């Protein structure tokens with residue numbers, strides 16, 4: 001905990017100091033340069049693999065060098081904070097839904113470039129800069145990728161997530177890992193026999209070659225796709241599809257109109273619900289070519305939906321909840337008790353609220369398993 005808090009302090013202090021002195025480049029942590037003017041993060045690295053199957057493009061030292069092309073000097077947690085200094089909000093790692101579908105990672109798209117030098121025929125060194133995806137080739141192929149590959153920033157600023165990322169070394173991933181700092185925005189397995197990518201030796205320089213990785217956030221953000229719907233059956237009430245009540249005919253039309261990505265349905269029913277209606281809805285979902293995951297509707301879910309727990313983040317970086325106004329550190333320390341029993345958190349942030357504080361509050365809620373949504377108000381949140 002102490003090293004994480006110290007890291008936050010050093011980075012925030014460096015950011016403030018740099019802005020005060022009008023210095024655009026921040027060199028606070030080993031192996032990282034944050035260029036706020038160019039809006040990029042530069043990482044010192046070297047080549048650790050020129051041939052072979054890959055689960056990552058880049059890892060941290062002593063972790064996954066056998067399945068990564070590059071090894072960086074910096075810790076994943078330090079890279080998360082470096083990108084946070086550019087104002088990047090946390091994304092969402094990929095995860096398997098209750099019904100068994102996979103929801104791919106989402107977040108801000110980050111362009112990744114790699115710089116290094118190569119020997120020319122005359123013996124002199126020549127600087128080369130290539131998009132990172134050019135270092136790859138499809139598995140079992142002799143030629144490189146023909147289409148650019150995207151990565152999204154999914155790093156989360158909670159202590160548990162940072163600790164896991166440092167332990168696993170998952171900096172820039174090609175297979176989906178929940179601990180990733182950057183990941184591909186589609187389902188990509190880590191099963192050895194099914195890996196999608198290999199190193200492209202025609203582009204990757206020799207092992208031990210020093211390289212610089214450049215991370216440049218774009219204006220594009222990939223939102224996690226909806227891959228699952230929920231149907232709830234309560235005795236004596238109309239079916240509810242994703243919280244909306246409708247009759248059977250409307251339910252059939254709505255299910256058939258679902259996007260192609262939604263191929264799984266969780267069907268929840270009260271224990272008192274009739275078997276006949278349950279099977280009618282079950283067959284309706286199966287006829288729509290959906291995989292159906294039956295579940296008993298818990299007693300907690302039988303009443304009216306609870307209102308989201310309101311949390312505010314003010315321009316001075318304070319967190320308002322339950323009539324209290326807390327510092328970020330106080331909120332983090334008390335979060336488990338403050339958010340206990342909440343089914344959803346609604347975060348309202350002032351327009352000028354610090355991005356890092358907003359990201360931390362979102363990350364804490366998600367680490368506690370509580371869905372969180374955020375809105376940013378144009379006017380300051382009223383202070384009591």
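The values are calculated or read from the model by the stated rules, or taken from the named source; none is laboratory data. Keep in mind it's a predicted model, so treat the numbers as computed, not measured. Note that we place each Cβ from the backbone using ideal geometry, even for glycine, and neighbour counts take in every protein chain shown.
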When residues of region 322-349 are limited to those that are surrounded by 20 or more Cβ atoms within 10 Å (Cβ to Cβ) and part of a strand (DSSP E or B), the one modelled with the highest pLDDT: 347
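Any chance you could count how many residues in region 125-165 are assigned to a strand (DSSP E or B) and buried (at least 19 other Cβ atoms within 10 Å of the Cβ)?
Total meeting the criteria: 4.
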Out of 265, 271, which single residue is modelled with pLDDT under 95 and part of a strand (DSSP E or B)? 265
So which pairs qualify, if the first residue must be in region 184-203 and under 15 Å from residue 67 (Cα atoms), the second must be part of a helix (DSSP H, G or I), the Cβ gap must be under 6 Å, and the two must be at least 6 apart or on different chains? 200/135
With the condition kept exactly as written, say whether any residue in region 21-32 is assigned to a strand (DSSP E or B) and at pLDDT 95 or above. yes
Would you mind stating whether residue 205 is in the same structural domain as residue 174 (by TED's automatic domain parsing), assigned to a loop (DSSP other than H, G, I, E, B), over 25 Å from the mean Cα position of the chain (by Cα) and crowded, with 19+ Cβ neighbours inside 10 Å? yes
If you go through region 287-309 one residue at a time, do you hit one that is modelled with pLDDT of 80 or more and assigned to a helix (DSSP H, G or I)? yes
Checking the structure you have, find out if any residue of region 93-100 is buried (at least 23 other Cβ atoms within 10 Å of the Cβ) and in a helix (DSSP H, G or I). no
Is it true that residue 217 is outside the structural domain of residue 94 (by TED's automatic domain parsing), in contact with a strand residue (DSSP E or B) (Cβ under 7 Å, 6 or more places away or on another chain) and surrounded by 15 or more Cβ atoms within 10 Å (Cβ to Cβ)? no
With the first residue restricted to region 155-175 and required to be on the phi > 0 side of the Ramachandran plot and at pLDDT 85 or above, and the second required to be buried (at least 24 other Cβ atoms within 10 Å of the Cβ) and part of a loop (DSSP other than H, G, I, E, B), Cβ contacts under 6 Å at 6 or more apart or on different chains are 169/60
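Condition first: part of a strand (DSSP E or B) and either free of Cβ contacts under 8 Å to residues at least 24 places away in the same chain or more than 16 Å from residue 174 (Cβ to Cβ) (or both). Now tell me which residues in region 112-124 satisfy that. Can you show your working first?
We begin by selecting, within region 112-124, every residue part of a strand (DSSP E or B); these are 112-119.
Those that are part of a strand (DSSP E or B) and either free of Cβ contacts under 8 Å to residues at least 24 places away in the same chain or more than 16 Å from residue 174 (Cβ to Cβ) (or both): 113, 115, 116, 117, 118, 119.
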Evaluation of residue 225 against (1) touching a residue at least 40 places away in the same chain (Cβ under 8 Å); (2) in contact with a strand residue (DSSP E or B) (Cβ under 6 Å, 6 or more places away or on another chain); (3) assigned to a loop (DSSP other than H, G, I, E, B) (one fails), failing number: (2)
In contact with a strand residue (DSSP E or B) (Cβ under 7 Å, 6 or more places away or on another chain), more than 29 Å from residue 97 (Cα to Cα), assigned by TED's automatic domain parsing to the domain that holds residue 96 and part of a loop (DSSP other than H, G, I, E, B): is that true of residue 185 in this structure? no
